[in-house]
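This report refers to the structure that appears directly beneath it.
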Amino acid sequence: MDVYYNIVPNVRILVVISVDEISKDILSPYLIYSRPFQYKQIILYPVCMDQILEFLMYKESIIIRKDSTFRDRNIIKMTYMDFLIYCFNHPELDEKYKINGLHNYYQVAILLLQMVCKDQEFKIVDKYLYINNVKITSEIFDDLRRIIILQNDIDFDIDEFIHYDTEKALKKAENATNKDADNANIEDYIDSLSIAIGYSEEQIMKMSIRKFWRYIKRYNLYENYTICKTAEQSRMVKYKEPIKHWITSIDGKDKYKDLKADEGTLRGKVG
């Protein structure tokens, strides 16, 4: 068992046993109040709303579905970090796979790490990245990806495999269904939450991105519940099913559940 002790005031102690234990359950005590999370000597902070535009650009570097997108035996066998470095050295892949700026994604991933690690020490030694003197291996990089994804509620599962064409078709169908339902941009959401709960822009800027979207979802549930309950009590409307209470889980259900495959199983087949 590896025990990593607190090195920054007000950051709670974390015990990590293995890569597989970087999960939502492990991070849960930290997610509730948007607390920073300590991994080895590295402190990762949830990103706040004042950096959401940069974050939306940077996060793309850690959520490529490399195994289904590239469909190359050698790439599938690579770790994610090795894949980013490979793309850095092969800029022709940008055009081949129609991913603009792919060859810069390793550098963008480092910018993302600098964002979530704030003012901690970054250095390159013999082409290896070190954060607070921790050498970032492929395994550690995957752990950091998991933490960033969970801290900031990114809709991506590192361990799932979905065929690229299948996901593309599903997203196209989903966008077609929702195109009239929601065309709001980030500023619209910020304005709406400010009006709904009486937060100033300064208060919203200090909110974590994860909490911001949870507030948006929760307020929508509250409004829908209030409208439906009022209609029911007026006896002008009768619902076939009980009205879902607004104090309930807002974790989204897995829309790709039946299409998933484990990444480890996939690599075993191509090894």
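The values are calculated or read from the model by the stated rules, or taken from the named source; none is laboratory data. As the structure is a computational prediction, the values presented were derived from the model and not from experiment. Heads up, the Cβs are rebuilt from the backbone with ideal geometry, glycines too, and the neighbour counts pull from every protein chain shown.
Considering only region 59-105, how many residues are in a helix (DSSP H, G or I) and of a type outside the set (Val, Ile, Thr)?
Total meeting the criteria: 26.
Which pairs do you get when a residue that is under 12 Å from Tyr225 (Cβ atoms) and of a type outside the set (S, T, N, Q), found in region 245-256, comes within reach of a residue that is loosely packed, with under 10 Cβ neighbours inside 10 Å and at pLDDT below 85, reach meaning Cβ atoms under 7 angstrom, with the pair 6+ apart or on two chains?
Every condition considered, no pair remains.
Those residues that are loosely packed, with under 15 Cβ neighbours inside 10 Å, touching a residue at least 12 places away in the same chain (Cβ under 8 Å) and more than 30 Å from Gln51 (Cβ to Cβ), I need them from region 194-227; list them, please.
Once the filter is applied, which keeps residues that are loosely packed, with under 15 Cβ neighbours inside 10 Å, touching a residue at least 12 places away in the same chain (Cβ under 8 Å) and more than 30 Å from Gln51 (Cβ to Cβ), region 194-227 yields Asn224, Thr226.
Take Tyr215 and tell me if it is farther than 30 Å from Thr79 by Cα, in contact with a Phe, Trp or Tyr (Cβ under 8 Å, 6 or more places away or on another chain) and modelled with pLDDT of 80 or more.
No; evaluated as a whole, the condition is false for this residue.
Here is a list of conditions, (1) under 25 Å from Thr79 (Cβ atoms); (2) at pLDDT 85 or above, and His245 meets all of them except one; can you say which number that is?
Status for His245: all satisfied but (1).
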